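Participant: Once you've had a glance at the structure underneath, I'll fire off some questions.
The values are calculated or read from the model by the stated rules, or taken from the named source; none is laboratory data. Predicted model, so just to flag it, every value in this text is computed and none were measured. Each accessible area value is taken on the protein alone, full model and side chains, heavy atoms only, with ligands, DNA and RNA left out. Shrake-Rupley method; radii C 1.70, N 1.55, O 1.52, S 1.80 Å.
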Amino acid sequence: MPRMRKKSDLPVKDCVVCGRPFTWRKKWEKVWDEVRYCSDGCRKRRGAKG
């Protein structure tokens with residue numbers, strides 16, 4: 001059985017809208033290079049000027 005990874009060992013990116021860091025998730029495994037937003041809320045606000 002493979003070893004579990006610690007959360008601190010997972011890749012991290014910064015959200016392009018809010019600037020907060022977010023970590024890799026299993027559901028993003030195949031598209032991690034394309035993920036730019038930390039949440040659906042940030043994805044919806046991407047065009048708004050803050």
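Participant: Rounded to the nearest whole Å², what accessible area per residue is found for the chain with the 1.4 Å probe? Walk me through the intermediate numbers first.
Facilitator: Values: 4750 Å² over 50 residues.
Per residue, the chain has 95 Å² of solvent-accessible surface.
Participant: Ignoring any ligand, DNA or RNA, what whole percent of the accessible area of the chain comes from carbon and sulfur when the probe is 1.4 angstrom?
Facilitator: Carbon and sulfur: 49 percent of the exposed surface of the chain.
Participant: How much space per residue, in cubic angstrom, does the convex hull of the C-alpha atoms of the chain take up?
Facilitator: Values: hull volume 4.2 nm³, N = 50.
Spelled out: Cα convex hull of the chain, divided by residues, is 85 Å³.
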